[in-house]
1. Farther than 21 Å from residue 102 by Cβ and either assigned to a helix (DSSP H, G or I) or at pLDDT below 85 (or both), is that true of residue 43?
C-alpha cells in the first residue's frame with residue numbers, strides 16, 4: 001500500500017518537495033492482501049503523471065507480489081522522475097536489507113531535494 005498512500009499525498013499536497021514510491025510490503029499482511037495491493041497500484045498508475053513533485057521510484061527486480069515491469073511503467077509516467085533505484089535480486093519484503101536502498105534515500109535528501117543556491121558572478 002506504500003505506493004497508494006504516497007500517490008494520494010503527492011496528488012493532494014502541491015507544496016511537497018518530493019515523492020518516494022517504494023514497492024515493498026509488510027510480511028505479516030502480504031499473504032492476505034496481495035491482490036488489494038496489486039489492484040491499488042494498477043488502478044493508480046494512470047494518476048502518476050499528475051504528480052508535480054520530483055519522484056523517486058524504488059523497486060526490486062525479483063518482486064514476487066508486484067511485477068518489476070510495473071515499477072518501470074510508474075517511472076516512465078512520472079513527469080519529474082529522479083534516477084530510479086532498481087535493486088537487483090530484491091523481492092517485495094526484503095528491499096530495505098540492501099545497502100543501496102538507504103544510500104539512495106540519503107542521496108535523495110542530501111542531493112536531489114537540496115535547494116540549489118544560485119551562483120553569483122563576483123567578477
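1. On the way: farther than 21 Å from residue 102 by Cβ: yes; either assigned to a helix (DSSP H, G or I) or at pLDDT below 85 (or both): yes.
In short, yes.
Residues checked against (1) at pLDDT 90 or above; (2) buried (at least 17 other Cβ atoms within 10 Å of the Cβ):
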site	(1), (2)
57	yes, yes
70	no, yes
75	yes, yes
80	yes, no
87	yes, yes
92	no, yes
102	yes, no
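The values are calculated or read from the model by the stated rules, or taken from the named source; none is laboratory data. As the structure is a prediction and not an experimental result, all values here were calculated from the model. So basically every Cβ, Gly included, is an ideal-geometry build from the backbone, and we count neighbours across all protein chains shown.
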